[in-house]
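So the structure is just underneath, and the comments pick up after that.
The values are calculated or read from the model by the stated rules, or taken from the named source; none is laboratory data. Quantities reported herein were computed from a predicted structural model and do not represent experimental measurements. Cβ sites come from the backbone with ideal geometry, for glycine too, and all protein chains shown count toward neighbours. Protein only, heavy atoms only, side chains kept; ligands, DNA and RNA dropped before computing areas. Shrake-Rupley method; radii C 1.70, N 1.55, O 1.52, S 1.80 Å.
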Protein chains: 2
Amino acid sequence: MPPKRLSAPEYATGILAGSRTVLGRAITLVESTLPADQALAQEVLQAVLPQTGRSLRVGITGVPGVGKSTFIEALGRYLVETKGLKLAVLAVDPSSQRGGGSILGDKTRMPWLAAEPAAFIRPSPSAGSLGGVARATREALLLCEAAGHDVIFVETVGVGQSETTVHGMVDFFLLLMLAGAGDELQGLKRGIMEMADALCITKADHGNELAARRARLDYQNALHLFPPAPSGQVQPVLLTSAVSGLGIAELWTVVETYAEATRQNGYFEQRRQEQQLQWLHQSIAQALESRFYADAAVRERLPAVRAAVAAGQITPMAAAAELLGTKA
Amino acid sequence: MPPKRLSAPEYATGILAGSRTVLGRAITLVESTLPADQALAQEVLQAVLPQTGRSLRVGITGVPGVGKSTFIEALGRYLVETKGLKLAVLAVDPSSQRGGGSILGDKTRMPWLAAEPAAFIRPSPSAGSLGGVARATREALLLCEAAGHDVIFVETVGVGQSETTVHGMVDFFLLLMLAGAGDELQGLKRGIMEMADALCITKADHGNELAARRARLDYQNALHLFPPAPSGQVQPVLLTSAVSGLGIAELWTVVETYAEATRQNGYFEQRRQEQQLQWLHQSIAQALESRFYADAAVRERLPAVRAAVAAGQITPMAAAAELLGTKA
């Protein structure tokens, strides 16, 4: 039997007091698709909103096999033990419901962080659509900030659209890569490397050091040929090893330096404001489209209309007009 | 005084007979935002639709100064004179109304093509929003195909969102670059290089040959480190000179080889079908959003709501719910 539901002020008080139990239950609330839960969740969010925004939000992506879990475990442990920071780890993985390839499905992937009071790990919500998962994760991020976490990691897989979504909710976007640039590149979305604020070559250990150093040089040279980041910062390429600890402290210095430089040149705040406004307009667009595609008449006609469009029997504009119930 | 309006069958007959005058007037019709013109335009499009889809659609982008006009003039002339093809040149430039930096504003940029009966040049529609410009250009493209053009160029500037839009309406996407990878990269959108099906280094002439060859090598090496194209084809890097004609025939061979290979592996048709369906759903989304943001109550409240969101006083979700007139 689920625990009794709290009131909005009870949730807010518990979160602000740093209660992991209340934080976890509040995240469950924002993940719920029930209208009553949604309304309560918005009340909670509005109540804690003044206490949000103070963390450093770091997106971490990379294809399966790159070693994301051990990397996050190593970097997270460094932040907690050495830097004395409070860390939350969230995830965006719309595939987690469909089974197979789910990330953060269980906390045993990061045993040290899972057992550490200063770290809070939350698996990806399995709300189905990427839009739903993104909304829930964005709101969970705000709740974690209100609970006093200094750093939030948002983990995702480097395929599909989810890393663009995560890029839109963080201050710093980190791409993990393997040395050797082989099969793993097949799984990466085109354009993702140019979106990253830094590249980390993982597993730079156990005889892999030479290949990793060579890969770093290659990527450093390559990135010079590509358009610069809108932040005005260079995209560093780092070598890291979760085993030896190589590069972990150096990477965090990169993130901190980036945050300081972009706070000074105004880009940090500008990016956050743009993300907020994008989120507003995306929310509106998603709501309008959800209503439209939930309409019984649209649902009935859509498959035939899509088939006719794909077969070139009708122009997309005329098809849209027909579905919209208007004369073209 | 504008010429008398034709009927839909008159437009269709004129276009299919290859009349440049009727084609030009039909494009003016699809560019119109008047509801009566729009309805007539859809009738015309539906009538010619079976005669569309047979051209090779090539997107061409690059920052100002890269030499797009002279490149298009040189490649276009080669296609018409040497290959005996009929060419249409369209453009997507949402800034053309706002003045400054307009592309294809006058045909004197391509004097040979402008005077050539087998080539049809049309400046960018100045419909205002990118969505409006994109719709008009997509429809103009279909009309040009119905008029028997074998190749359609869609030109755009390599900044902002317009090149993503053009990428979504062509079979092959070409990025023009200068040797030297300097200031021009500042103007390029991140991710655009990974989206290109081929890179052309322009102005490989007049003592610039060595730098151009070096740039080609650098980009070839760099692109190997980036995710491969979904087409399964490599992204070639070519040297071209509109002055000497260097690389022009070679580039066209690349485009033809690409078209043949992707037709055989099914990607060509798959990409077109996906583009059609994207266009359908984008049209629906645009229509829904246009209606929403045109609403008097929304227009009145939007500025204050956006300001509150940007200032972090209200969550984007709550703000969206408020504007949508629903309880969150």
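Among residues of segment B:287-325 being at the interface with another protein chain (Cβ under 8 Å from one of its Cβ atoms) and open to solvent by 50 Å² or more (accessible area, probe 1.4 Å), the one that is modelled with the lowest pLDDT is B:313. For first residues located in segment A:297-317 and in contact (Cβ under 8 Å) with a residue 12 or more places away in the chain, partners that are in a helix (DSSP H, G or I) and open to solvent by 60 Å² or more (accessible area, probe 1.4 Å) and lie 6+ apart or on another chain with Cβ distances below 7 Å form the pairs A:305/A:322. When the helices (runs of 4 or more DSSP H) confined to segment B:133-233 are screened for residues that are within 14 Å of chain A (Cβ to nearest Cβ) and within 25 Å of residue B:260 (Cα to Cα), those reaching at least 1 such residues are found at B:162-167, B:192-195, B:209-224. For segment A:16-65, a tally of residues being assigned to a helix (DSSP H, G or I) and of a type outside the set (A, V, I, L, M) returns 14. In summary, helices (runs of 4 or more DSSP H) completely within segment A:236-328 and bearing 1 or more residues that are in contact with a strand residue (DSSP E or B) (Cβ under 6 Å, 6 or more places away or on another chain) and over 30 Å from residue B:301 (Cβ atoms) occur at A:248-264.
If you check A:132, A:158, A:182, which single one turns out to be touching a Ser or Thr at 6+ places or on another chain (Cβ under 6 Å) and either modelled with pLDDT under 95 or open to solvent by 40 Å² or more (accessible area, probe 1.4 Å) (or both)? Of the residues listed, the single one that is touching a Ser or Thr at 6+ places or on another chain (Cβ under 6 Å) and either modelled with pLDDT under 95 or open to solvent by 40 Å² or more (accessible area, probe 1.4 Å) (or both) is A:158. For segment A:75-109, filtered to residues that are out of contact with any Ser or Thr (no Cβ under 6 Å at 6 or more places or on another chain), assigned to a loop (DSSP other than H, G, I, E, B) and modelled with pLDDT under 95, the residue that is least open to solvent (accessible area, probe 1.4 Å) is A:103. The residue pairs whose first member lies in segment A:204-219 and is assigned by TED's automatic domain parsing to the domain that holds residue A:234, whose second member is surrounded by fewer than 17 Cβ atoms within 10 Å (Cβ to Cβ) and of a type in the set (Ser, Thr, Tyr), and whose beta carbons are closer than 6 Å, counting only pairs six or more residues apart or on different chains, are A:205/A:244.
Among the residues of segment A:51-61, the one identified as charged (D, E, K, R) and open to solvent by less than 60 Å² (accessible area, probe 1.4 Å) is A:57.
For segment B:234-243, the candidate set comprises residues that are of a type in the set (Val, Ile, Thr) and within 13 Å of chain A (Cβ to nearest Cβ); within that set, the residue that is most open to solvent (accessible area, probe 1.4 Å) is B:234. One residue stands out in segment A:1-21 among those that are under 15 Å from residue A:139 (Cβ atoms) and of a type outside the set (Phe, Trp, Tyr): the one that is surrounded by the fewest Cβ atoms within 10 Å (Cβ to Cβ), namely A:8.
The selection criterion, being buried (at least 17 other Cβ atoms within 10 Å of the Cβ), at the interface with another protein chain (Cβ under 8 Å from one of its Cβ atoms), more than 29 Å from residue B:74 (Cα to Cα) and within 32 Å of the chain's Cα centre (by Cα), holds for residue B:284.
Residue-level analysis places residue A:250 outside the set of residues that are under 21 Å from the mean Cα position of the chain (by Cα), away from chain B (no Cβ under 14 Å) and open to solvent by 40 Å² or more (accessible area, probe 1.4 Å). So for segment B:28-50 (the condition being open to solvent by 20 Å² or more (accessible area, probe 1.4 Å), away from chain A (no Cβ under 14 Å) and not small (Gly, Ala, Ser)), does at least one residue qualify? Checked segment B:28-50: at least one residue is open to solvent by 20 Å² or more (accessible area, probe 1.4 Å), away from chain A (no Cβ under 14 Å) and not small (Gly, Ala, Ser). Taking (1) at pLDDT below 95; (2) touching an Asp or Glu at 6+ places or on another chain (Cβ under 8 Å); (3) crowded, with 17+ Cβ neighbours inside 10 Å; (4) not basic (Lys, Arg) in turn, residue A:279 satisfies each apart from (2).
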